[in-house]
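Here it is, the structure in full.
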Amino acid sequence: MSRVPLWSEYKEWPRERVIFNKKHNNFVVYADKNILTETGKQELTSTFSLHGNPNIFKQDGHYVSARQITI
């Protein structure tokens, strides 16, 4: 169940996208900078089962949130 309030817009909250790079055989995570802390990276790796080759984490301008959170 989502912890995001129903009254809010999805763009208000930090979010991410996970893709698999077949050429390099690893995952690339594009995310809001608020998510890209060490704890956030560990949570993403665990939640999406991104184990194996080293993952790449990058900030993405499409995922800039209006709310500031701490992960």
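Check whether at least one residue in the stretch 15-23 is outside any helix (DSSP H, G or I), among the charged types (D, E, K, R), at pLDDT 90 or above and in contact with a strand residue (DSSP E or B) (Cβ under 8 Å, 6 or more places away or on another chain), and report yes or no. Reasoning before the result, please.
Our first condition is that a residue be outside any helix (DSSP H, G or I); within the stretch 15-23, this holds for 15-23.
Next, only the ones that are among the charged types (D, E, K, R) stay: 15-17, 22-23.
The next check asks that each one be at pLDDT 90 or above; those that pass are 22-23.
From what is left, the residues that are in contact with a strand residue (DSSP E or B) (Cβ under 8 Å, 6 or more places away or on another chain) are none.
Looking for residues that are outside any helix (DSSP H, G or I), among the charged types (D, E, K, R), at pLDDT 90 or above and in contact with a strand residue (DSSP E or B) (Cβ under 8 Å, 6 or more places away or on another chain), one finds none in the stretch 15-23, hence no.
How many residues does the stretch 26-48 hold that are of a type outside the set (D, E, K, R), surrounded by 14 or more Cβ atoms within 10 Å (Cβ to Cβ) and not in a loop (DSSP other than H, G, I, E, B)?
Residues in the stretch 26-48 being of a type outside the set (D, E, K, R), surrounded by 14 or more Cβ atoms within 10 Å (Cβ to Cβ) and not in a loop (DSSP other than H, G, I, E, B): 9 in total.
I've got another one for you. So Ile69 passes all but one of these: (1) modelled with pLDDT of 80 or more; (2) out of contact with any helix residue (DSSP H, G or I) (no Cβ under 9 Å at 6 or more places or on another chain); (3) not in a strand (DSSP E or B). Which condition number does it fail?
(1)
OK, next. Within the stretch 49-61, track down each residue that is surrounded by 11 or more Cβ atoms within 10 Å (Cβ to Cβ) and at pLDDT below 80.
Passing the criteria: only Asn53.
The values are calculated or read from the model by the stated rules, or taken from the named source; none is laboratory data. Since we're looking at a predicted model, the values are computed, not measured. No Cβ is skipped: glycine too gets one built from the backbone with ideal geometry, and neighbour counts run over all protein chains shown.
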